[in-house]
Amino acid sequence: MDDAERDRKILEWQDKARLAAKKKRPRNLYVITLDPEVLWDSEFRQANPGYIQGMPCVYVGLTIHEPGDRYAQHKAGYRSSKYPRNYGIELALELMEGFEAEGLADEEREAALAEWLRKQGCAVWQN
């Protein structure tokens, strides 16, 4: 994506976010699979002492945007953590199957999903 296209997309994303905030739409949880090379990053590795070799490495987030749009934002470097920007492979919403977040506030849902995935042996990053 060239700079002009990136700038156009950023303006589009900002407009969508303002509209969604005005409508008080619920936030969307999302999971991005990360390249296992992320395990060479000491900060990431230290945050995941219970990682089981062969399980997915993932980034968990919460957004007002559609998950596919948020993934594109990460890859474009717009409001992005270094992990999905540099190591993101694909959106992996199927990894959330079986996760229950009834009654949790948005901020709690993100942390609960991250912890649920860690308990399964995944290496997880969340901000």
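Just so you know, all these numbers are worked out from the coordinates, no wet-lab data involved. What you see is a predicted model, and the numbers here were worked out from it, not measured in a lab. Don't worry about glycine lacking a Cβ; one is built from the backbone with ideal geometry, like all the others, and counts go over all protein chains shown.
May I have the count of lysine pairs in the chain with C-alpha atoms under 21 Å apart, counting pairs 8 or more residues apart or located on different chains? Intermediate values should be presented prior to the final figure.
On the way: 9/22; 9/75; 9/82; 16/24; 16/75.
Close lysine pairs found across the chain: 5.
What full-extension length gain, to one decimal in nm, is calculated for residue 43 and residue 120 as 0.36 nm per residue of separation minus the Cα-Cα distance?
Numbers: separation 77, 0.36 × 77 = 27.72 nm, distance 2.01 nm.
Stretched out fully, the residue 43 to residue 120 stretch lengthens by 25.7 nm.
For 40, 13, which order do you get if you count the other beta carbons within 10 Å of each Cβ and list the fewest first? Write out the running numbers ahead of the final one.
Values: 40 10, 13 19.
Ascending Cβ contact count within 10 Å gives the list 40, 13.
Once you keep just the Cα pairs under 8 angstrom separated by 6 or more residues, what percentage relative contact order results for the chain?
Working: 171 pairs, mean separation 43.7, N = 127.
Rounded, it is 34 percent for the chain.
Take every DSSP beta bridge whose two residues both sit in region 3-125, then give the antiparallel share in percent to the nearest 5.
Working: 10 of 13 bridges.
Taking every DSSP beta bridge within region 3-125, about 75 percent pair in antiparallel fashion.
Return 99, 44 ranked ascending by Cβ neighbour count within 10 Å, so the fewest neighbours appear first. Please report the intermediate quantities before stating the final value.
Values: 99 13, 44 20.
In increasing order of surrounding Cβ atoms, one gets 99, 44.
Please say if the chain is rounded, prolate or oblate, where rounded means a/c under 1.5 for a ≥ b ≥ c the square roots of the C-alpha gyration tensor eigenvalues, and otherwise the choice is prolate for a/b larger than b/c and oblate otherwise? Walk me through the numbers on the way to the answer.
Working: a/c = 2.48, a/b = 1.30, b/c = 1.91.
Because a/c hits 1.5 or more and a/b fails to exceed b/c, the chain counts as oblate.
Measure nothing fancy, just the Cα-based angle from helix 106-119's long axis to the longest principal axis of the chain, in degrees from 0 to 90, nearest 10.
30 degrees
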